[in-house]
1. Please find, within region A:484-506, the residue that is nearest to the other protein chains (Cβ to nearest Cβ) out of those that are surrounded by fewer than 18 Cβ atoms within 10 Å (Cβ to Cβ) and over 16 Å from B:A118 (Cα atoms).
2. Looking at (1) in contact with a Gly (Cβ under 9 Å, 6 or more places away or on another chain); (2) closer than 30 Å to B:F253 by Cβ; (3) facing another protein chain (nearest Cβ under 7 Å), which is the one condition that is false for A:P449?
3. Would you please name the residue that is nearest to A:V143 (Cα to Cα), looking only at residues in region A:1-20 that are touching a strand residue (DSSP E or B) at 6+ places or on another chain (Cβ under 8 Å) and not in a strand (DSSP E or B)?
4. If you scan region B:85-112, which residues turn out to be open to solvent by 20 Å² or more (accessible area, probe 1.4 Å) and more than 10 Å from chain A (Cβ to nearest Cβ)?
5. With B:P188, B:P195, B:P209, B:P161 as the choices, which residue is assigned by TED's automatic domain parsing to the domain that holds B:V127, open to solvent by less than 10 Å² (accessible area, probe 1.4 Å) and not β-branched (V, I, T)?
6. Limited to region A:439-475, what total is found for residues that are open to solvent by 40 Å² or more (accessible area, probe 1.4 Å), at pLDDT below 95 and over 32 Å from the mean Cα position of the chain (by Cα)?
7. Is there any pair with a first residue in region B:297-312 that is among the β-branched types (V, I, T) and a second that is outside any loop (DSSP other than H, G, I, E, B) whose Cβ atoms are under 7 Å apart and which are 6 or more apart or on different chains, and what are they?
8. Would you confirm, using the coordinates I've provided, whether B:T182 is part of a loop (DSSP other than H, G, I, E, B) and open to solvent by less than 40 Å² (accessible area, probe 1.4 Å)?
Amino acid sequence: MKFTLSWLKDHIETDAALEDIAHTLTMAGLEVEDIEDKSKALAPFVIAEVLECGRHPNADKLSLCKVSTGVGVFQVVCGAPNVRAGIRVVFAHIGTVIPDSGQPLKTCEIRGVESQGMMCSERELQLSDSHEGIIELPADAPVGVSFAEYAGLSDPVLHVNLTPNRGDCAGVRGIARDLVASGKGHLKPLKDDPVPGTFSSPVSISIAPEAMEGCPCFMGRTIRGVKNGPSPRWLQDRLHAIGLRPISALVDITNYLCFDLARPMHVFDIGKLSGHLEVRLSREGESLLALDEKTYELGAGAVVIADDAGVQSLGGIMGGVPTGCSEATTDVFLECAMFDPIAIAAAGRRLGIESDARYRFERVVDMAFMGRAMEIATRMVLEMCGGAPSDVVMAGEMPDLFRSVSYRPSRVETLGGLAVPLAEQKRILEGLGFGPAENPDGSLQIAVPAWRPDIAGEADIVEEVLRIHGYDKIPSVSLLREESVTRPAASQAQKVVMAAKRLLAARGMMESVTWSFQPHKVAGLFGHTDAGLEILNPISSDLTTMRPSGIGNLLMAAGRNADRGWPDVALFEVGPIFHSAEPEGQETVAAGVRAGLAVSRSWDSRARPVDVFDAKADALAVLEAAGMSEQSVQVTTDAPAWFHPGRSGCLRQGAKVVGWFGELHPGVLETLGIKGRIVAFEVVLSRLPQPRRKGTARPMLHLSSFQPVRRDFAFVMDAGMEAGKLIRAIRGVDKTLVSDVSVFDIYVGPGVGEGRKSLAVSVVLQPLDHTLSDAEIEGFSVKVVAAAQAAGATLRG
Amino acid sequence: MDNLEQLVEDILKGIAGAADMAALEEIRVAALGKKGSLTGLMKTLGGMDGEARKVAGQALNVAKDRVSEALDMRTDDLRQAAMAARLAGEKMDISLPVRPETAGRIHPLTQATEEVMAIFAEMGFSVAEGPDIEDDFHNFEALNIPADHPARQMQATFFMPPGADGKPKVLRTHTSPVQVRTMEQSQPPLRVICPGRTYRYDSDATHAPMFSQCEALWIDESVTMAQLKGCIMDFLRAFFGISDLPVRFRPSFFPFTEPSAEVDIGCSRKNGELKLGAGGDWLEVMGCGMVNAKVLQYGGIDPNRYQGFALGMGLERLAMLKYGIPDLRTFFECDLRWLKHYGFVPLDIPNVALGISG
């Protein structure tokens, strides 16, 4: 909502300074976002006259002019098509900063001729986007005078960020009312006494029964014999100031009242109407060429105003071109109607029309004010265009608008936290147009003005009182809590999320945050199938689908980093993935990717590219951080299809899959246009069991006082046999005695046979109650060899 | 024996000239070994008589001691020289860079979120969560935002296909639906915060289609706006680490609160540089208010008995202000250089006791 200071002062008698007014409005909930004061930037521009205008000697499309500012005469090269001798223009001297470019104007030669200044277009002064020609001022514009002063641009413009509940403040009058209630002056009366009609309106109106809900009441009157020309300067200046284009007096009056009183109205040219006006619902196939010069296919069900020829106006949203006013208009029909906010919102959204009228009707227009608005508008038409008014005709009926809420004045303290004396509460409410009446029990029964449909209960009244009295007066009381020691705020699951993040970062990975959505194509690569996860109105073709995995977005991020010249990437994200649109279809995962080198080249070591074991280590570390022991996790080789089938694994707890890791399938990378090898893991944190530990004590620690014994073995087996199988077999020989089995060499080649490999393992035996004898160790070794044999591995000879 | 003095002198000369431990050992054996020269003289003592043996014995013992001492000293010297030579040979170029290590970082959004959690934990709040894909009821209806209400236009919404029940689903436009879910699941007193991802159909320099919010909700029998102010004031001052940070409450409108307020913090924008603290200017950081009675009703709580406050804030915005991050869009770009620069070392876990405003 925009308005100028002088406009505001039409409604309020006040000596408050601009800054005071702005602060008061902001602190009453009408946030002044900006105060635009064009007078400063436009101060150097003066009105000048073009004395001579001839052709530029060296250019067909340029003119060479002599321009007088009354003080001096300047030679100016001008390219505008409308420049000619005798017109009054806006002139900029050399050195003046042009608002549009922000640069000072320099002396220059244009095609060999010096130009000593510039005649400006509206765009150059940032008055509008118009740049078709230079500004032409009326012939009586005083040469030498400041343009800003002449054009009324020295009136500061206030921008108020209106909240959706304050339709009443979509008019300057409503803003003035809040200021008055805040003690900043007195409201001036409106000139709204009835203008008597001199004949009965030849245009009759009716509301079709099916449209009564969308338009309960419709008023209008004919004004005969008007002369429609430009509106007066003051009106044009105000419209300009708030960014509207003056059109003609009749149109400008309705636009003005829309902003002045938050009362949208419409004027029909009776000469273009055929017969009776009816408010009805649009029918399939009907269309309207609206005043924004676009044709709208209305479809069925929009509230419209139609004559015998068809739809002429989209009720409460926008009028139509065919029956709009022009210079030739002599007889008009002035419409002032009530439209249902929901019907307006639905039609406006369906048709995609934004208008100042829609904006106001959606936020509810003061219905009780219809009659007075009609008189104010009539008076303005008569003053500016002349003519004779008819009686007011009305269709539908004015509903009973009286509403009241009961209110306990103590609520301002018990809800708002601040006691405000009753007299002050009543003064505020009365200033805002409420009618507080005291009940015998001390409570108030408060009549709510029709322009405040948002007021529904006690809490609303508390807000009215407090926002005017001042939120800053409410004391600030720190929260007390029942116990002095802080209780844990996070659940076990939330702690796991936090631990996983810190752990992965400690493992050298960068935490990332990526969109929860991704391209459909990427989602498809990671198992997306549910159509319920496709966004109906995606913001771009790249953000269409809720992600089924955390890996896809990280992969693309790795690709982007590589493209920037940073190919060694370790990124992770802990966040949501989606299997369905139901709450239980959302899971929390820790996902990570590594690309490029795991160990970079140095004076001491050779570079090592990432491989599947980096991803496996990450995944196992996350599981451990989540409280799962290594023994409770099984690794199987059936990872999802987006992994390399021979270099990936599934992590299971019993039958339940809790994650996966591996090298990404080259086909997936190729589809995404990513080069090189990338490994990834994903652990579904929300599938992990909650730790079942009771109490805080750890299990008792038993330290053996006997020396551990290490024995190395080499076994030969099929190249396809898993090392894990051999390790399990060896561990199985004596679960209490074997404390560790590690693989320290893998050999394939001469000596072990075609299709075979040799695995060297080191076994640590930790006796608990005595030192192992040679015979015992020998016996154990025999059992190890036998167990390995049973598993398919033979001791290497 | 007459030549004892000369003998000792010769031995000592030999010791002083011994180049290494082997040469020294040779000398020791030649003097003090079984067949050594001094040992040989010792053996002659047996053939002497009384006084002469005593005199010669003493002289020999002195000679032996001198030789032994010289041997020990020379041994030490040679050992030290050997050690010095070894160390000289082991010199390394310690100006070489260390072996490459990778250092990970925590995203500033995580850091900010955990800081918020830590402070609200101090005020007795616990953390609640809810789904990102919401139904119309929880995201709008139960928050007193009926269909066709202009307030729906305040939140440009991503729509999802209706579920099996035919009802529309949305990507939650705020974390407020978690309030409703919390109320549905439990009765007051309630003191929760709800951090999480939120989504709006909005994308430009200062808006991202996904961002994070944190909601706080306190419902009890006599909660007032005074406590709302206290809670927010205490939170903001702790979060930004500015004990006299100006905080301003401005009346505003949200469908789910009444009365409602927007919260500004003091700042200065001198020379185009934003600085938080008293400075004559204001910066909006959150919205808040007393929970609308209708919302309590939708959540299954008796509004005649209970009342409370709710507040909501954008976590990226808080992080940007606190850590001086100029551009929202960069949060989601995963640029390694950005993550390293704005990220936090993993052990920097927000903790009120240790001070969270580092």
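The values are calculated or read from the model by the stated rules, or taken from the named source; none is laboratory data. For clarity, every value in this text was computed on a predicted model and none was experimentally measured. Don't worry about glycine lacking a Cβ; one is built from the backbone with ideal geometry, like all the others, and counts go over all protein chains shown. In case anyone asks, the SASA skips ligands and DNA or RNA and just uses the protein heavy atoms, side chains included. Shrake-Rupley method; radii C 1.70, N 1.55, O 1.52, S 1.80 Å.
1. It comes out as A:A506.
2. The one condition A:P449 does not meet is (3).
3. Let us first name the residues in region A:1-20 that are touching a strand residue (DSSP E or B) at 6+ places or on another chain (Cβ under 8 Å), namely A:1-5, A:8, A:11-14, A:18.
From the residues that got through so far, the ones that are not in a strand (DSSP E or B) too are A:1, A:5, A:8, A:11, A:14, A:18.
Numbers: A:M1: 34, A:L5: 27, A:L8: 30, A:H11: 33, A:T14: 34, A:L18: 31 Å.
Only one residue tops the list, namely A:L5.
4. Restricting attention to region B:85-112, the residues satisfying the condition of being open to solvent by 20 Å² or more (accessible area, probe 1.4 Å) are B:85-103, B:105.
Across region B:85-112, the qualifying residues are B:A85, B:R86, B:L87, B:A88, B:G89, B:E90, B:K91, B:M92, B:I94, B:S95.
5. Numbers: B:P188 fails: open to solvent by less than 10 Å² (accessible area, probe 1.4 Å); B:P195 fails: open to solvent by less than 10 Å² (accessible area, probe 1.4 Å); B:P161 fails: open to solvent by less than 10 Å² (accessible area, probe 1.4 Å).
Being assigned by TED's automatic domain parsing to the domain that holds B:V127, open to solvent by less than 10 Å² (accessible area, probe 1.4 Å) and not β-branched (V, I, T) holds for just one of B:P188, B:P195, B:P209, B:P161, which is B:P209.
6. So the count comes out to 3.
7. Between residues of region B:297-312 that are among the β-branched types (V, I, T) and residues that are outside any loop (DSSP other than H, G, I, E, B), the close pairs are B:I301/B:M183; B:I301/B:I219.
8. Details: part of a loop (DSSP other than H, G, I, E, B): no; open to solvent by less than 40 Å² (accessible area, probe 1.4 Å): yes.
No; evaluated as a whole, the condition is false for this residue.
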